[in-house]
Amino acid sequence: MGSSTLERGARRRPSWLRGTLGRIVGLAVVAALVVAVVVNCSGGRDAGASVPVFGDGPDAGITGVRAPSDAAGGTLRVVAGDLGNLDPQASYSPAAWNLMRLYTRTLVTWSSVPGETDTLVPDLATDLGTTLDNGLTWTFTLREGVRFETEQPITSRDVKYGIERTFASGVIIGGPTTVVDLLDDPENPYPGPYEDEAPDRLGLAAIETPDDRTITFRLRSAVPDFNVVLALPSSSPVPIAQDTGAAYGGDPVSSGPYAITSIDQTGIVLDRNPEWDPATDPVRTALPDQVVVRTLPSGIDRDQALLAGSADVDISAIGIQPVTEARVDADAGGDVRLEDRVDEVPTGAVRLLALPTDVAPMDDPSCRAAVAAAIDRGGVQEVLGGGAHATETSRLWPAGLQGGPEASGSGADPDAARAALEECGTPEGFSTVLAVPDVAASVAVAEELADQLAEVGISVEVRSLPAATFYARDVGNPDNVTASGYGMVLVTWTAVVPTPSAFLVPLVDSRSVGPVGNTNYARLVDPAIDSLVDAAVAVGPDMNAARGSWQEVATAAQATAAYVPLVETRVQLLAGQRLRNGVVMEPYSGYDLATAGVR
């Protein structure tokens, strides 16, 4: 770590760790605390045999609060899988985004109110933004008195600069790039702040900062839910003087209630940020004195830590493992049963079978209809471990969003499939290739689909491709899909933000088809659907008013059979024995760290 970390770390630590020697000794002590707190199976410094185990019943954290308490203090012990980059502009992980709620603030964010965690609320901004032209221009005003951990006031220029970093694709790698698509000028692309050679260095022209508290975004086209995009950590402020480029994730500057004081091979430690003012933050309660994160790649190890009492919360967003699920099911009781500590939630991740409309025979709607009719979603659900892990769905719409098109039957209809094969001129069936990421669960689903389709004469070659390149290059490159003859592509689709437009537009709008990283996997090019998208956008920023219009988009897209929805992933979250204020954060499929406590 650099000197800036030592200096900032000294200010965060208690007085007994401050001073010249304290800065050096303090880091060693903090590193030792990581091992002591997260490895000790007795539960760390706050645990003991007398600590009660909280339950509150199944699903208590979905619409309510598990073990409510407003008591501050203690150490919250977190386990997670690979968090990746801790740079807010370079992260694409729900687990990391949950953690970032502790040290990263944005103009707007997700509510921490139970049952309303998919609701947008103001954060650094005073409101949800204003737009007078149906989403083409957005203006926000920052709160007064917000500061970085460095004591610097957070200004509109810091917010702009943080977003500008996303444009530096050669330096800041791995985070969402939605703002690039919405704000950049294709005729004169902005290279990012590290290559900005303009003499006045005004930065990205699409973002204006007339004063320290005002920021205005001028989009390429109207986006009625643009403010939702600004809830991503990638839209958080970064102080220009402390930006270290690609190395920033090793020492990110905090704008939230906690600041990272240690990162090493054993985990991460966050201590209170003395510059955070709770009067400026309506979202975070910041109850623990310290948060310690241990990275455990194995889901079984994370479950065991929760069961043994050495961890309070798992933020990996994948839920408990089958072996732990069996233990929950077999638990005969006691004062607090394991099932009383479980919340079962949908993730918004929908497994889809995309049928590329420019690859024969899927260029024929009747052939696509035959595939759709031959599929039994129940079989897919069973392969994935049953209803606790996946919910059958025939809708091009995640369960967590209100509204949506009507659901059709989830079982196979062989007669309808054979009739469709007759219509597409292949009464005996046809052969095609199914591309799938080389991940055990996805390959198992693909093989199940191949068996089902064989029942009506459709022969499927399952071709597994490297998971690391699957979405970016293999099926994200339309030319490669066509050249390889991939008539089917098995994908898991999650919208970057939980809105109908974010879920549908990348999948079904013909204007979203791109040469690299394409997300319109079926290459659905339908002017009528594009017109419906435009009509939904024109309704404006009131998403309740626009919901019916987006439902029309989903219904029209489903009618093309270019996408066959299969199941939506579910996870079972297990609360740790000491977890207080356990609120399920739906956008991140985990317990909200912004309100969690241990006392």
Exercise. Note down the nm distance, to one decimal, between modelled labels 7 Å out along Cα→Cβ at Glu151 and at Val525.
Key: 6.1
Quiz item: Stretched out fully, how many nm does the piece from Thr244 to Thr469 gain, at 0.36 nm a residue minus the Cα gap?
Solution: 78.2 nm
Self-check item: Between the stretch 215-290 and the stretch 72-123, the alpha-carbon center distance in angstrom
Solution: 9
Quiz item: Using a basic spin-label model with each label point 7 Å from the Cα along Cα→Cβ, how many nm lie between Ala419 and Ala440?
Solution: 4.2
Quiz item: So if R0 is 41 Å, what FRET efficiency would Gln402 and Ser459 give, r being the distance between their Cβ atoms, rounded to the nearest 0.05?
Solution: 0.50
Practice problem: Rounding to the nearest 20 debye, state how big the charge dipole of the chain is about its Cα centre with +1 on each Lys and Arg Cβ and -1 on each Asp and Glu Cβ. | Solution: 2200
Practice problem: Go ahead and run the numbers for FRET between Arg220 and Ser69, Cβ-Cβ distance against an R0 of 51 Å, rounding to 0.05. | Solution: 0.60
Practice problem: Enumerate the helices in the chain for which the Kyte-Doolittle hydropathy averages -0.5 or more and the C-alpha atoms extend at least 27 Å along the helix's axis, using complete DSSP H runs. | Solution: 20-39
Quiz item: Which value, in nm² and rounded to one decimal, describes the direction-averaged projected area of the C-alpha convex hull of the stretch 533-599?
Solution: 7.0
Quiz prompt | Options (i) 29.5, 95; (ii) 44.5, 158; (iii) 24.8, 82 - which one matches Rg and Dmax of the Cα atoms in Å as calculated here | solution = (iii)
Quiz item: If you keep only loop residues by DSSP, which trypsin sites (Lys or Arg not before Pro) in the stretch 188-237 have at most 12 other Cβ atoms within 10 Å of their Cβ?
Solution: Arg201
Quiz item: How high is the relative contact order of the chain, in percent, counting Cα pairs under 8 Å that sit 6 or more residues apart?
Solution: 22
Self-check item: D (Stokes-Einstein, µm²/s), Kirkwood Cα radius, the stretch 346-571, 0.692 mPa s at 37 °C
Solution: 188
Quiz item: Lys/Arg Cβ at +1, Asp/Glu Cβ at -1, dipole of the chain taken about the Cα centre: which of Pro515, Phe217, Val269 is farthest positive-ward?
Solution: Val269
Self-check item: 3J(HN,Hα) from dihedral phi, the stretch 268-275, Karplus parametrisation 6.51/-1.76/1.60, rounded to Hz, x for glycine, proline
Solution: 9, 10, 10, 10, 4, 8, x, 8
Exercise. Name the residues whose placed amide hydrogens come within less than 5 Å of the amide hydrogen of Asp438, ignoring near sequence neighbours (fewer than 5 apart) on the same chain.
Key: Leu465, Ala467
Exercise. Filter the GluC sites (Glu not before Pro) in the stretch 155-263 down to the DSSP loop ones having no more than 12 other Cβ atoms within 10 Å, then list what survives.
Key: Glu187, Glu197
Quiz item: How big is the charge dipole of the stretch 306-376 about its Cα centre, in debye rounded to the nearest 20, if each Lys and Arg gets +1 on its Cβ and each Asp and Glu gets -1 on its Cβ?
Solution: 180
Quiz item: ³J(HN,Hα) across the stretch 175-180 via Karplus (A = 6.51, B = -1.76, C = 1.60, θ = phi - 60°), whole Hz, x for Gly/Pro?
Solution: x, x, 10, 4, 5, 5
Quiz item: Could you give the distance between the Cα centres of the stretch 145-162 and the stretch 552-599, to the whole Å?
Solution: 31
Quiz item: Just from its helices, what would the mean residue ellipticity at 222 nm be for the chain, if runs of 4 or more DSSP H residues each count -39500 (n - 2.57) and the sum is divided by every residue, rounded to the nearest 500 deg cm²/dmol?
Solution: -8000 deg cm²/dmol
Self-check item: Residue among Ile318, Ala360, Val159 farthest towards the positive dipole end of the chain, charges placed on Cβ
Solution: Val159
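A short reminder: the numbers here are calculations on the coordinates, not readings from a lab. A quick note: this is a predicted structure, and the numbers were derived from the prediction, not measured. Virtual Cβ from ideal backbone geometry, glycine too; neighbours counted across all protein chains shown.
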